[in-house]
Amino acid sequence: MLRADMGRLLGDQQLSTVSLLADELNHELGDGLAILARIANRVTAAMLADNTALQAFLAQSLALEGEPFNGGIIAHRLDGTAVAEFPPASGRQGVNYMDIDSIATALQAGKSTISRPVIGKKLQAPVFGMSVAIRDPRDNVIGAVSGVVNLAIPNFLDHITDGRYGKTGGYLLVAPQYRQIITATDKRRVMASFPAPGVNPTIDRFIEGFSGPIVYVSAVGTEILTSAKRIAVSGWDLVAILPTSEAFAPILAMQQRMLLAALLLTLLAAAATWWILGRQLAPMLSAAKLLSRLSATQQLPQPLPIARHDEVGALIASFNHLLETLGNREKALQESETFKNTILNSMAAEIVVLDQHGVIQAVNKGWRRFSRENSSQPGQPAAHTEAGVNYLDFCTLDAAALADDAANPRRGIEAVLERRQPSFSLEYACHSPQEQRWFTMIVMPLGPDIERGVVITHSNITALKRAEQYEQFRGRILQLLAESAPLRGILEALAQGVEELNPGMLCSILLVDNDGQRLITGAAPSLPDAFNAAVNGMKIRAAAGSCGTAAFTGQRVIVEDIATHPYWERARALAASAGLGSCWSEPVRSSPGTVLGTFAIYHRHPHSPSAAHIELIEQSARLASIAIERNLAAERLRASEAHYRLLTENVSDIVWRQDRDHHFTYISPADERLRGYKAEQVIGRHVTEVLTAEGIAILREKQALRAEAERRGVHTGITRFELPQLCQDGSLIWLEVLSTAERDAQGTIIGYHGVSREITERKHAEEQVRKLAFHDPLTALPNRRLLNDRLQQTMAASGRAPCHGAVMFVDLDNFKPLNDAHGHVIGDLLLVEAAGRLKSCVREVDTVARFGGDEFVVMISELAADKYASMEKAAIIAEKIRIALLQPYRLSIRSAGKSATTLTHQCSASIGVALFIGHQATQDEILQWADAAMYEAKQAGRNFIRFHDGEQRG
């Protein structure tokens, strides 16, 4: 910092000095140009033409002005040729100097300039010149006069450059535009050039106008302090330089003295500090020695003694508290480690922990047990499974044994170790000579850092794999049952499936004959034909082999060695010829417990069953029971159907049956007599496909009532209703239907059956009565008459409350094109659907009526006392109706001789709304208001809502 401060001070002094000298030099150069200007002003054109007169004039003028130009004065014609000089002995007269920049500028541009230093053509010495133009009275340039300064001999610049800056410093006069030294304290550097741009950045900065001060290393390797000042009249720089060895010499001496003093003081302070610290830290050193001794033991650190109660004593007390905390943490860590090991060792899976290089760090008891059980040396762990061994080497050695099932465990483990994937899992087979086994390996990282390693868990999934295989096998059997496959095919698949799951087993399924006295062969795909033929027809009795005895007793019979068991005494030779060594037989029972047959498992050699084998034979016997019972049930069903058909095909009424979705599953021949449809034309079709729109509406109403009762927990009995139905020839008949729901054991409806009786003549007799009814026959909605009655009642009630009501006229916008294109049947279906949607949008106390065609009227009661609140409520209901009617309609089209197709149609609705309260208006006026508002909605573009008072919605 002292050096920097001194450097700034010296630099400021240097810059001040060089600025004063540059200013002085600027005046002297200006004076030289002024002298030349006065001479040039006195030179005339006649003088330029008379060399002798001009020579005398120059001598006289130089004597008058003094002698700043030690190289003389020269007069030039307009072409640059010297015509006169003084002193005349230089021989420059007649020489052309147009190549000198200052002379050319004076002659061509008329400007006074100072030239760059050059070697004089006649003087053969470094010179520079000042040139001023000579002008005639009209201010035209007719020549020039120049003064020459010879740098090789004493000149007016020497009083600056001959002086030194300091003892070893000096000055340079530089022409920056030419990167050239004009003169210097060291005369050897006169006319020297600076390096090219880019070679020395510091010099480049000075050339560009930087004034300093700055310290830098010169081209000769000397560190110098440099400042510069530009001379305005010539554009030159006056530079002062001073080696830093001289500039900072006082600082160096001071630093040496300070260093010596600091060294002495440091030694004194160190000695004092050593003594003080030794005294103050003595208790801490004693504590450190005690800790060193305690660390060599396995005991927990004990509290350190406190010798004195000062800062050191407080520090030792804090350290004692830290030791106590660390001791507690160590204890908790040991307890956690014990707890972790207890958990790991209690897990059934085999667990191993690897470091980042794949070396085993820890294993649990399950891993050690599995290692010993699978070792080639009894009682010893298998190779490459103990701590300290590289587990990846084991994976490489065992890759061939694992074959395709292993994929490549080493690559998977390495990918997790290197954090290239978050985890790795693998299922593989590892069969022992005694059984087939499957395992799963899961590799998980111990943390995000690669140095933390991984934990590998091996789990025995043999039971799961066996369960999966058995479920697949069981699924195949159940699929065959669902597909109503033949019994023999199902039993063959059952036996073969058990054999595939358990290589070494031979299966046989025997069935009890119709008399219940003998066993006949159901399936035995792997047993010899001679053996099957001998067993077929075996009498059911005690000690008749494994199967005969099992069928007789109804109990499982396990014969582990056929060659010695008494049950096989009569058939021992037969079993030996078939190569059979053991037989386990399970009786196949029906749901009530009746023996239907036996399921037997044979082995080529004596064999004892395990618990898994017992479970397998029990499950297989149950599957066989399902197949046999299903076959018996199918036979009973065929007999029942024949009896049922005999009863139903000879009555005049139509007997029918439907599934839970109302598709016909049976219909008696009476339907062909009444409607002309053959049974195959009806079975499989939905009931609505043979109904009119009115019939569909009636049926749906009955279905809704039944569904509501079912939701309330009420089981409906026989339901009676009347339905119009279409005959094949297009005529309409009426049937009285008696329908009964069929239920399963839980009471859930699974279908329907019933009887339909023709009542067409009775319905015709009631036609006139229906005409007088209050409801629309198609939609079952109130007609105009009933609407007027209800409107009268609502108007009276609204006057008493008081509370507003509303009447809405609803007209379907796109109904006529549908009716024209597809007929009234489809139109009726749409009207029925629209009526249903309208009713779903209002309350039970409100009224939906059909006025005819595609016009409906909705009457809403009990809105609100305030008109605007009532209007808002009515608008919400009207918008709900508009959106409901705008949804697509899916309508079933049925043409004669063709199956039903579904038509999708969309039509909007225009809605007019009129509010009323009490009897402020008549019924006709209210209906007219709503009708007029509806026509306003249509004129607005349809699918809009309009209020009678001008309010707009939609």
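The values are calculated or read from the model by the stated rules, or taken from the named source; none is laboratory data. Because the structure is predicted, anything quoted here is derived from the model rather than measured. Glycine also receives a Cβ, built like all others from the backbone with ideal geometry; neighbour counts cover every protein chain displayed.
With respect to the stated conditions, I181 is touching a strand residue (DSSP E or B) at 6+ places or on another chain (Cβ under 9 Å), crowded, with 17+ Cβ neighbours inside 10 Å, closer than 16 Å to R116 by Cβ and not assigned by TED's automatic domain parsing to the domain that holds S112.
Of the numbered criteria (1) over 24 Å from L699 (Cα atoms); (2) in contact (Cβ under 8 Å) with a residue 24 or more places away in the chain, the one I883 fails is (2). Total residues in the range 796-826 satisfying the condition of being under 21 Å from R890 (Cα atoms), outside any loop (DSSP other than H, G, I, E, B) and touching a residue at least 24 places away in the same chain (Cβ under 8 Å): the figure is 9. The set of residues in the range 525-541 that are without any contact (Cβ under 8 Å) to a residue 40 or more places away in the chain and hydrophobic (A, V, I, L, M, F, W, C) comprises A533, V535, M538, I540.
Restricting the range 472-524 to residues that are free of Cβ contacts under 8 Å to residues at least 60 places away in the same chain and assigned to a strand (DSSP E or B) leaves a set whose member that is farthest from G554 (Cα to Cα) is A523.
Here is the figure for the range 321-369: residues that are over 30 Å from I450 (Cβ atoms) and crowded, with 17+ Cβ neighbours inside 10 Å total 1. The numbered conditions (1) in contact with a Lys or Arg (Cβ under 9 Å, 6 or more places away or on another chain); (2) touching a residue at least 60 places away in the same chain (Cβ under 8 Å) are all true for D659 except (1).
Okay, residues lined up against (1) of a type outside the set (G, A, S); (2) in contact with a Lys or Arg (Cβ under 7 Å, 6 or more places away or on another chain); (3) modelled with pLDDT under 75:
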site: L259; (1), (2), (3): yes, no, no
site: A270; (1), (2), (3): no, no, no
site: W274; (1), (2), (3): yes, no, no
site: A282; (1), (2), (3): no, no, yes
site: S286; (1), (2), (3): no, no, yes
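Just one of (1) more than 19 Å from A909 (Cα to Cα); (2) in contact with a helix residue (DSSP H, G or I) (Cβ under 6 Å, 6 or more places away or on another chain); (3) surrounded by fewer than 20 Cβ atoms within 10 Å (Cβ to Cβ) fails for A884. It is (1). Selection within the range 750-785: residues that are among the acidic types (D, E) and in a helix (DSSP H, G or I). The member of this set that is modelled with the highest pLDDT is E761.
Just one of the listed residues (G717, G747) is modelled with pLDDT under 85, within 60 Å of the chain's Cα centre (by Cα) and closer than 24 Å to V651 by Cα, and it is G717. Right, E708: in the same structural domain as G747 (by TED's automatic domain parsing), of a type outside the set (F, W, Y) and modelled with pLDDT of 85 or more or not? Answer is yes for this residue.
Any residue that is part of a loop (DSSP other than H, G, I, E, B), at pLDDT 90 or above and in contact with a His (Cβ under 7 Å, 6 or more places away or on another chain) - is there at least one of those in the range 549-563?
Yes.
Among the residues of the range 116-175, how many are part of a strand (DSSP E or B) and within 30 Å of P243 (Cβ to Cβ)? Show your work before the answer.
So in the range 116-175, the residues part of a strand (DSSP E or B) come out as 118-119, 126-135, 141-150, 170-175.
Cutting the leftovers down to within 30 Å of P243 (Cβ to Cβ) gives us 126, 128, 149, 170-175.
Going through the range 116-175 one residue at a time, the tally reaches 9.
If you go through the range 538-560 and keep only what is under 16 Å from T594 (Cβ atoms) and touching a Leu at 6+ places or on another chain (Cβ under 9 Å), you end up with I540, A551.
Summed over the range 564-573, the residues that are under 18 Å from I540 (Cα atoms), assigned to a helix (DSSP H, G or I) and either of a type outside the set (D, E, K, R) or in contact with a strand residue (DSSP E or B) (Cβ under 7 Å, 6 or more places away or on another chain) (or both) give a count of 3.
On inspection, P197 fails the criterion of being under 22 Å from E24 (Cβ atoms) and at pLDDT 80 or above. Inspection of the range 177-190 identifies at least one residue that is modelled with pLDDT of 80 or more and either within 60 Å of the chain's Cα centre (by Cα) or of a type in the set (G, A, S) (or both). So is A849 more than 49 Å from the chain's Cα centre (by Cα) and in a strand (DSSP E or B) or not? Yes; evaluated as a whole, the condition is true for this residue.
So that you can scan it fast, the table gives a plain yes or no per residue for (1) under 51 Å from the mean Cα position of the chain (by Cα); (2) acidic (D, E); (3) crowded, with 20+ Cβ neighbours inside 10 Å:
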residue	(1), (2), (3)
P782	no, no, yes
N788	no, no, no
L791	no, no, yes
V810	yes, no, yes
A821	no, no, no
D828	no, yes, no
R843	yes, no, no
E855	no, yes, no
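Scanning the range 859-869 for residues that are buried (at least 20 other Cβ atoms within 10 Å of the Cβ) and more than 14 Å from A801 (Cα to Cα) yields M859, I860. Among the conditions (1) in the same structural domain as H905 (by TED's automatic domain parsing); (2) in contact (Cβ under 8 Å) with a residue 60 or more places away in the chain, the only one that D789 does not satisfy is (2).
Out of the range 461-477, which residues are surrounded by 17 or more Cβ atoms within 10 Å (Cβ to Cβ) and among the aliphatic types (A, V, I, L, M)? Matches in the range 461-477: I477 only. Restricting attention to the range 433-462, the residues that are over 29 Å from the mean Cα position of the chain (by Cα) and either part of a helix (DSSP H, G or I) or small (G, A, S) (or both) add up to 2.
Sort through I73, I103, I119 and tell me the only one that's under 22 Å from F156 (Cα atoms), of a type in the set (A, V, I, L, M) and surrounded by fewer than 17 Cβ atoms within 10 Å (Cβ to Cβ).
Criteria check complete, one pass: I119.
Looking only at the range 605-635, residues that are more than 19 Å from I562 (Cβ to Cβ) and in contact with a helix residue (DSSP H, G or I) (Cβ under 8 Å, 6 or more places away or on another chain) come to 11 in all. Annotation note: Cβ proximity below 8 Å between a residue of the range 146-174 that is free of Cβ contacts under 8 Å to residues at least 40 places away in the same chain and a residue that is assigned to a loop (DSSP other than H, G, I, E, B) and among the hydroxyl-bearing types (S, T, Y) (sequence gap 6+ or interchain) occurs for T161/T185; D162/T185; G163/T185; R164/T185. The lone criterion from (1) free of Cβ contacts under 8 Å to residues at least 24 places away in the same chain; (2) in a loop (DSSP other than H, G, I, E, B) left unmet by F69 is number (1). In the range 578-687, counting only helices (runs of 4 or more DSSP H) that sit wholly within it, the ones holding 1 or more residues that are assigned by TED's automatic domain parsing to the domain that holds G545 span 611-648.
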